[in-house]
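Heads up: the structure comes next, in structure tokens.
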Amino acid sequence: MPDAACLTCNALAPILGESGYLGYPSLDPGPPEQDLGEGFEDMPSFEKLFGAFASLHLVSSDLTHYRAFLARHQGHEMYLSLDDEDPESLPEVFVAEREGTAPDSRPDAQEVPAGHVRGHVVYGCAQCDTSLRTPEADTLLVFEPVLLGAEAATAASQLLSSPGIESGWTHGLCGVLDPFGELFYGENTLHAFLDEHLEHGIEAHFEPSNR
């Protein structure tokens, strides 16, 4: 299963979704340092894809934990293992993990980071008196009501549109971030809402969940 680690420290990254990944594990916006094989040469970094979610105020506790790990290991040698790799060729830290002999060094991603609360993001267009609410609650970074910037929101919409998510840049994301979930891949997607209402001005606000 896909996984990431810092080879400099032999430290495993936090679990992201269902043993997934979001781009190459780096805060550097440049291309991946690792040879990921055919079809993955242009995989964007975690930080670039994270920026798209952040511009939409969809920062889950998973993403926050993962980004904190990358910040602690910035400048180190990172490695992303993919599903089709030969287990015999994997770095030692992954082999030990799969054999159950690795020390328990993986950061605890179950702990809720400061500032995160279970809830929804609601995007509203006052001109049309309509809104779009994330279809399921998730543990997200709370924010004050804000008007989405056209440039950032448009870039996010393009980056997270179906051609991008089908390229193998993401895998195993869960909850509201699932690129194949209702928010990004259903009939009433966030992309469509942004395209229709962005020029009117879209305000986003956080709505705590009652459950």
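Per 0.36 nm of contour for each residue apart, how much would the distance between residue 200 and residue 174 grow if the chain were fully extended, relative to their Cα-Cα spacing?
Result for the pair: 6.3 nm of gain on full extension.
May I ask you to rank 26, 81 by accessible area, largest first, using a 1.4 Å probe over the protein chains only?
Solvent-accessible surface, decreasing: 26, 81.
Enumerate the amide H contacts of residue 130 below 5 Å, restricted to partners 5 or more residues apart or on another chain; note that Pro and chain-start residues carry no placed amide H.
Result for residue 130 returns 125.
For labels at residue 122 and residue 41 in the simple 7 Å Cα→Cβ model, what's the distance in nm?
The modelled label-to-label distance comes out at 4.8 nm.
In nm, what is the difference between 0.36 nm times the number of residues separating residue 9 and residue 92 and their Cα-Cα distance?
Working it through step by step, the gained length comes to 28.7 nm.
The values are calculated or read from the model by the stated rules, or taken from the named source; none is laboratory data. Here the structure is a predicted model, which is why all the values come from computation and not from measurement. Neighbour counts are summed over all protein chains in view; Cβ atoms, including those assigned to glycine, are modelled from backbone coordinates with ideal geometry. Accessible surface is based on the protein model in full, side chains and every heavy atom, while ligands, DNA and RNA are left aside. Shrake-Rupley method; radii C 1.70, N 1.55, O 1.52, S 1.80 Å.
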